[in-house]
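**Q** Here it is, the structure in full.
Every number in this text was worked out from the coordinates using simple rules, so none of it is lab data. Because the structure is a prediction, the values reported are computed rather than measured. Backbone-built Cβ (ideal geometry, glycine too); neighbour counts: all protein chains shown.
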Amino acid sequence: MVVSPELDRVRELRDRAAAARHLARICFKTGPPTCTGVELEWTVHDAVDPTRPVDATRLRAALGPYSPTTLDPTSPALRLLHGGAVTVEPGGQVEVSTPPRASVGALIEATQSDIDQVARLLHAAGLRLGRTGLDPYRRPRAVIDTPRYRAMRQVFDRRGPAGRTMMYSTAGLQVCLDAGEPGQLAARWALVHALGPPLLAAFATANRHAGRDTGWASARMGAWLRIDPARTAAVWQPGRPDLAPVTAWTAYVLAAPLLCVRDGERDWTTPPDVTFADWLDGALPRPPTIDDLDYHVSTLFPPVRPRGYLELRYLDAQSGRDWTLPLAMLAALLVDANTTDSAFAVAAPVADRWQVAARHGLRDPALASAAAALFDLALAALPRLDLPAELHDEIDRGLRRRRAAAQRRQG
């Protein structure tokens with residue numbers, strides 16, 4: 001008998017083994033690593049006075065039919081000209097998510113076109129996109145409020161103000177890469193984690209918030225790290241490099257506390273510290289379904305999150321076209337097995353320095369040295385991406401500029 005996808009999603013999960021089987025099936029979809037995707041977030045500001053709050057009404061009018069339904073329940077939520085989807089985060093940050101493409105050059109061209117379209121819509125309403133990973137002008141302020149966001153705020157408030165900073169003031173750049181063939185998965189999984197601290201340091205843009213210097217290179221990532229380690233810490237750990245990706249991710253998901261349980265328009269919050277494993281063991285009145293498990297996964301925010309592909313979440317938003325630099329660098333470092341191995345050898349010694357990278361960035365000599373070596377590897381591999389000549393030269397210049405900054409910081 002064939003079970004429809006709709007019926008499968010409401011199927012109850014009765015034990016941890018069933019949950020593990022589902023996670024293994026959906027979170028690491030192996031195959032030839034051919035596609036790359038990108039998701040870009042920006043804070044949004046009044047073009048004349050960037051300290052002025054921007055409310056939902058103004059954003060809705062600016063985005064028009066491209067508004068997501070969280071902003072306008074009646075919106076058709078049209079796709080942008082090259083297929084990008086527009087979403088709006090709880091603090092009014094605008095995000096563009098583009099379909100993955102087999103060519104990095106084609107991805108950049110299509111994504112930049114969609115970015116330009118959004119920028120024109122905002123410009124016509126007297127708004128502009130931010131340039132950094134954290135709102136440098138305004139304090140955290142809610143723009144969109146949904147049952148999910150209310151539950152999120154209540155849970156994060158238990159640990160302090162970092163959750164509100166993350167929800168309402170941060171903007172990131174997410175790069176999405178194929179998991180690879182089964183024989184490649186472990187190496188690619190380890191590498192994209194190990195690259196996190198040096199690339200976070202090299203591309204940090206979030207040092208100012210609400211009119212002051214934070215003392216952090218990336219206060220955006222600093223906020224993420226302070227929210228809840230069970231939800232935001234890295235899954236792959238240098239101390240357990242041999243732990244299989246599926247095993248590590250399953251343990252992480254089941255041990256993470258529930259952020260919320262959906263219940264119409266009522267309160268979605270759950271008792272503190274109830275994990276998904278506890279739910280499977282009967283901690284809540286009803287057993288969880290497959291749909292509940294998938295939703296729980298969507299409330300986990302590690303620096304690398306497996307979603308069939310690998311979603312890299314550790315980069316700050318970049319100014320202007322500089323978003324292309326970390327995207328191309330990551331694609332180049334994973335272009336072949338030799339480059340992957342060399343990059344891992346460089347990054348592994350600093351793979352646990354998430355906090356140091358967020359706080360000090362390239363001021364840390366070990367991270368600066370690793371970043372400089374990774375830039376060298378990426379520059380050597382860049383021709384393998386077959387970028388159009390003009391784009392290749394633009395990215396080559398940008399990476400060399402960033403490499404020089406890292407070299408100046410080496411001990």
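**Q** According to the square roots a ≥ b ≥ c of the eigenvalues of the Cα gyration tensor, what is the shape class of region 293-339, taking rounded for a/c under 1.5, prolate for a/b larger than b/c otherwise, and oblate for the remainder?
**A** Taking the square roots of the gyration eigenvalues as a ≥ b ≥ c, region 293-339 is oblate.
**Q** Return the single residue from Gly37, Gly172, Gly239 with maximal mean-square fluctuation; model: Gaussian network over the chain, springs between Cα atoms under 10 Å.
**A** Answer for the Gaussian network model of the chain: Gly239.
**Q** Just to confirm a number: summing +1 for Lys and Arg and -1 for Asp and Glu over residues other than Glu390 whose beta-carbon lies under 15 angstrom from that of Glu390, what do you get?
**A** -3
**Q** Assign one of three labels to region 75-187, namely rounded, prolate or oblate, based on the Cα gyration tensor with a ≥ b ≥ c the square roots of its eigenvalues; rounded applies when a/c is under 1.5, prolate when it is not and a/b is larger than b/c, and oblate otherwise.
**A** Verdict is oblate for region 75-187.
**Q** Continuing with the same structure: Residues with beta-carbon under 13 Å from that of Ala337, excluding Ala337: net charge, scoring Lys, Arg +1 and Asp, Glu -1?
**A** Surrounding charge for Ala337 is -1.
**Q** Let me ask something else. Please give the calculated 222 nm ellipticity per residue for the chain, where each DSSP H segment of at least 4 residues contributes -39500 (n - 2.57) and the sum is spread over every residue; nearest 500 deg cm²/dmol?
**A** -13500 deg cm²/dmol
**Q** Additional query: I need the trypsin sites (Lys or Arg not before Pro) found in region 272-359, filtered to DSSP loop residues with at most 15 other beta carbons within 10 Å of theirs.
**A** For trypsin sites (Lys or Arg not before Pro) across region 272-359 that sit outside H, G, I, E and B with at most 15 neighbouring Cβ atoms in 10 Å, the list reads Arg307.
**Q** Comparing Pro238, Pro90, Pro198, which has the greatest mean-square fluctuation in the GNM of the chain with Cα pairs linked when under 10 Å apart?
**A** Of Pro238, Pro90, Pro198, the Gaussian network model singles out Pro238 as fluctuating most.
**Q** I want the local charge near Gln93. Using Cβ-Cβ distances under 12 Å, sum +1 for each Lys or Arg and -1 for each Asp or Glu among the other residues.
**A** Local net charge: -2.
**Q** Counting other beta carbons within 10 Å of each Cβ, put Phe301, Phe344 in order, fewest first.
**A** Neighbour counts put them in this order, fewest first: Phe301, Phe344.
**Q** Counting DSSP beta bridges in the chain, what percent are antiparallel, to the nearest 5?
**A** Beta bridges within the chain, antiparallel portion: roughly 90 percent.
**Q** Another question, if that's okay. Pick out which of Thr57, Thr289, Thr132 has the largest mean-square fluctuation in a Gaussian network model of the chain, springs linking Cα atoms closer than 10 Å.
**A** Highest fluctuation of the listed residues: Thr57.
**Q** The list (i) 20; (ii) 28; (iii) 15 gives values of percent of Cα pairs over 39 Å apart, and only one came from this structure; which label was calculated from it?
**A** (iii)
**Q** While we're on this one: Shape verdict for region 77-137, please, from the Cα gyration tensor: rounded (a/c under 1.5), prolate (a/b greater than b/c) or oblate.
**A** Cα axes put region 77-137 in the prolate bin.
**Q** If you stretched the chain out fully between Asp341 and Arg286, how much longer would it get, using 0.36 nm times the residue separation minus the C-alpha to C-alpha distance?
**A** So the chain would gain 15.1 nm between Asp341 and Arg286.
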